[in-house]
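First comes the structure, then the notes that go with it.
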Amino acid sequence: MPEKSYNLSMSKPGVVRVGPAGWSYDDWKGIVYPKPAPKGFHPLEYLSRFFDTLELNVTFYRPVPAGNAMTWIQKVKGNPRFKFTAKMWQRFTHDREIEPAPDEVRQVREGMDTLLHEGKLGAVLLQFPWSFKRTPENRVWLARLIDTFHDYPLALEVRHSSWNQPDVFEGLAERGVGFCNIDQPLFHQSLKPSAKVTSCIGYVRLHGRNWEDWFRDDAGRDERYDYLYSEEELKPWLEKIEQIRKQADEVYVITNNHYRGQAVVNAFDIQHGLGKTEFILPQHLVDEYPRLKRLIKNQKQPGMA
């Protein structure tokens with residue numbers, strides 16, 4: 001049975017954009033990207049040939065100037081369907097000891113406003129860690145954050161099951177904030193997969209299921225996100241995405257299992273599962289992940305990028 005919808009503006013099926021989180025990974029060279037890279041190569045422009053969205057990771061670590069944002073916009077101009085999603089700066093989601101200063105808000109807005117005004121900002125993701133539980137203090141923090149950036153298309157990602165309450169989703173719907181449905185390694189009180197829609201924006205993030213390293217203190221980034229979904233594991237998510245697209249105007253599906261390009265492989269898998277039939281894939285990626293051959297079996301090899 002489909003989950004209850006908290007979005008009242010249901011009309012026709014929404015547009016679904018699929019893509020990976022980030023693009024600056026050394027371990028993608030020779031797998032996702034050609035190695036050596038040709039003259040003038042830019043990974044963002046390259047990825048925009050294959051995907052209609054990409055989640056900006058850099059905005060989580062630091063605010064970006066307007067000039068950087070405009071450069072990214074220029075890199076994806078060859079794909080008019082393309083829109084970015086962007087993580088909120090961690091100062092607002094992870095460093096919560098002191099209230100952010102007005103200048104910190106201004107810094108965030110400099111790059112985000114550029115993406116918004118150019119029509120390339122699909123969503124701003126308010127991503128909180130598992131430790132962010134539903135307490136009175138955290139509810140106040142979240143409410144203030146939403147008020148501060150209410151003019152952006154916001155989506156909330158929480159990972160602790162204490163947030164799985166009807167009044168939370170009703171509150172998000174009242175404020176026009178989307179809910180991010182996640183796939184993550186499941187532990188005690190971890191939020192489970194869902195297909196909730198609380199605004200015109202639908203959001204899905206797949207983190208992988210590497211439960212052995214997810215909460216290990218000495219695990220590095222690559223170890224935590226070293227996971228490749230099988231086709232069988234993706235099938236329930238394809239069903240959820242179809243449910244979400246019936247209730248949202250735009251749906252963003254982000255694969256975050258980035259190690260060695262696995263996010264790119266699964267993004268192609270999801271595109272195929274949602275009905276895409278024509279693929280021209282990088283040969284070096286197919287060589288690394290032969291399972292992708294099924295997507296290009298009817299196309300000629302020389303036509304590949």
## Note on the structure
Restricting to lysines and to Cα separations under 22 Å from Lys246, and discarding same-chain partners fewer than 8 apart, the set is Lys4, Lys12, Lys83, Lys192, Lys196, Lys235, Lys276
### Task
Read phi for every residue in the range 185-192 and hand back ³J(HN,Hα) as whole Hz from Karplus 6.51 cos²θ - 1.76 cosθ + 1.60, θ = phi - 60°, with x for Gly and Pro.
x, 8, 10, 4, 6, 7, 6, 8
### Query
Please state the relative contact order of the chain as a whole percent: Cα pairs under 8 Å, 6+ residues apart?
23 percent
### Query
If we restrict to alpha carbons, what Rg and Dmax does the chain come to, in Å?
18.8, 59
### Task
Classify the range 163-275 as rounded, prolate or oblate, taking a ≥ b ≥ c as the square roots of the eigenvalues of its Cα gyration tensor: rounded when a/c is under 1.5, otherwise prolate if a/b is larger than b/c and oblate if not.
oblate
### Task
Calculate one ³J(HN,Hα) per residue across the range 86-101 by plugging θ = phi - 60° into the Karplus curve 6.51 cos²θ - 1.76 cosθ + 1.60, and present them in order as whole Hz with x for glycine and proline.
9, 6, 5, 3, 4, 4, 9, 10, 10, 9, 10, 6, 10, 4, x, 7
### ³J(HN,Hα), Karplus 6.51/-1.76/1.60, whole Hz, each residue of the range 119-125, x for Gly, Pro
x, 10, 9, x, 6, 10, 8
### Summary
Listed by chain and number, the residues whose amide H is under 5 Å from that of Phe179, excluding neighbours fewer than 5 places away on the same chain and using placed H, are Leu156, Thr198, Ser199, Tyr203
### Query
Where a Cα-Cα gap under 20 Å defines reach, which lysines qualify for Lys77, not counting those fewer than 8 residues away within the same chain?
Lys39, Lys120
### Sequence-distant residues sharing a close amide H with Gly122 (under 5 Å, placed H)
Phe84, Thr85
#### Entry: Helix 231-245 axis, angle to the chain major axis (alpha carbon atoms, nearest 10°)
50 degrees
### Task
Would you mind telling me the antiparallel percentage of the DSSP bridges in the range 15-273, rounded to 5?
5 percent
### Message
On C-alpha positions alone, give me the angle between the axis of helix 166-175 and the longest principal axis of the chain, in degrees, nearest 10.
### Response
80 degrees
### Task
Return the long-range amide H neighbours of Gly14 (sequence gap of 5 or more, or a different chain), with a cut-off of under 5 Å between placed amide H atoms.
Lys246, Gln247, Ala248
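Just so you know, all these numbers are worked out from the coordinates, no wet-lab data involved. Here the structure is a predicted model, which means the values were calculated and not measured.
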